Amino acid sequence: MNKEVLFENINKIHTTKMGIDRIKKNLKLDTNDVVEYCKNKILENNCTVYKQGKNWYCEIDHIKITIHAHSYTIITAHIIK
């Protein structure tokens, strides 16, 4: 699926309280605005974006962000080893 769909809906991207905690822990972030951090990563030119099943996957800088394709909820983000 065309990644432009995700870009057109970038303002719908959000996460849950548990998602914030999980993403901060997984990426070792020192910010409370993990949604904005993820959005910025997704919009970088060298970010690889693809849809597989019900999720979007965004890979950049050894980070993989998983977003539910219908609700635009960031499910998780983790470091790619």
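Of the residues in the stretch 41-54, at least one is at pLDDT 95 or above, open to solvent by 70 Å² or more (accessible area, probe 1.4 Å) and either β-branched (Val, Ile, Thr) or part of a helix (DSSP H, G or I) (or both). Only residues that are free of Cβ contacts under 8 Å to residues at least 40 places away in the same chain and surrounded by 16 or more Cβ atoms within 10 Å (Cβ to Cβ) were counted in the stretch 70-81, giving 0.
Under the condition of being open to solvent by 80 Å² or more (accessible area, probe 1.4 Å) and not in a helix (DSSP H, G or I), which residue from the stretch 9-32 is modelled with the lowest pLDDT? Looking at residues that are open to solvent by 80 Å² or more (accessible area, probe 1.4 Å) and not in a helix (DSSP H, G or I), I get 32.
The values are calculated or read from the model by the stated rules, or taken from the named source; none is laboratory data. Remember, it's a predicted structure, so these values are computed and weren't measured experimentally. Virtual Cβ from ideal backbone geometry, glycine too; neighbours counted across all protein chains shown. The accessibility values were calculated without ligands, DNA or RNA, using every heavy atom of the protein model including side chains. Shrake-Rupley method; radii C 1.70, N 1.55, O 1.52, S 1.80 Å.
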